[in-house]
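The values are calculated or read from the model by the stated rules, or taken from the named source; none is laboratory data. None of these values were measured; they are calculated from a predicted model. Here the Cβ positions follow ideal geometry from the backbone for every residue, glycine too, while neighbour counts run over all protein chains shown.
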Amino acid sequence: MNSGGDSLLDPADSLVPVSSDLATMSISETLNASNTPAGVEENKSELPQTVMPAPKPAPPKKVSRKVELKPGHSLTHWVNRSKSGEDMTNKVGLSETRVITLQEVAKHNQESDCWMAIRGKVYNITKYLDYHPGGVDILMKEAGKEATALFDKNHRWVNIERLLASCQIGVLKTMTLAI
């Protein structure tokens, strides 16, 4: 509906005319076309070279040190066992006040009798060894030692006081320096 005699623009009028050479070229020829006049060989060695920086290597994938646990040795199984009333201290007895020296902890460094100090508390982890997702071997490297640094490096988010509450046998005696 043209009320004022205005002519409507035809969309075809707004198209840019294409040269006949380009119109007959294939897509690959069009992409490879250069501005070099016909008969003149292009010297590509004189063209400025753009050096792209090498892509950054992907960060290394974190290797999981988890091991396959024996059937019935998941975290859920440990929680259930530790709350069952079973003595998890191997007859040492639970204690939040017994003071234990690092020398005493060092005597318990075997799979059959394994103590470890973490964050100032001493745990008899003998019954926990088979439940550790990283396996027994990694725990045995710190058996009979103060293991807070290694624990915090790998498990800082774990609530150790809750996880091993039934295994706590005392607190680690700290050294005091006389001034």
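Taking the stated definitions as given, is Thr148 without any contact (Cβ under 8 Å) to a residue 60 or more places away in the chain, touching a strand residue (DSSP E or B) at 6+ places or on another chain (Cβ under 7 Å) and either of a type in the set (Ser, Thr, Tyr) or under 22 Å from Val67 (Cα atoms) (or both)?
Working: without any contact (Cβ under 8 Å) to a residue 60 or more places away in the chain: yes; touching a strand residue (DSSP E or B) at 6+ places or on another chain (Cβ under 7 Å): yes; either of a type in the set (Ser, Thr, Tyr) or under 22 Å from Val67 (Cα atoms) (or both): yes.
Yes; evaluated as a whole, the condition is true for this residue.
Has segment 109-120 got any residue that is surrounded by 15 or more Cβ atoms within 10 Å (Cβ to Cβ), among the aromatic types (Phe, Trp, Tyr) and assigned to a loop (DSSP other than H, G, I, E, B)? No - not one qualifying residue is present in segment 109-120.
Figure legend. Inter-residue proximity from segment 41-61: first residues exposed (fewer than 10 other Cβ atoms within 10 Å of the Cβ) and at pLDDT below 75, second residues of a type outside the set (Phe, Trp, Tyr) and assigned to a loop (DSSP other than H, G, I, E, B), beta-carbon distance below 9 Å, spacing 6+ or different chains. No pairs are indicated. The residue that is surrounded by the most Cβ atoms within 10 Å (Cβ to Cβ), among those in segment 154-179 that are modelled with pLDDT of 90 or more and among the basic types (Lys, Arg), is Lys173.
Quick grid of which residues meet (1) of a type outside the set (Gly, Ala, Ser); (2) part of a strand (DSSP E or B); (3) touching a Lys or Arg at 6+ places or on another chain (Cβ under 9 Å):
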{"site": "Pro71", "(1), (2), (3)": "yes, no, no"}
{"site": "Met88", "(1), (2), (3)": "yes, no, yes"}
{"site": "Gly144", "(1), (2), (3)": "no, no, yes"}
{"site": "Phe151", "(1), (2), (3)": "yes, no, yes"}
{"site": "Ser166", "(1), (2), (3)": "no, no, yes"}
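All told, Trp78 meets the bar of being assigned to a helix (DSSP H, G or I) and surrounded by 13 or more Cβ atoms within 10 Å (Cβ to Cβ).
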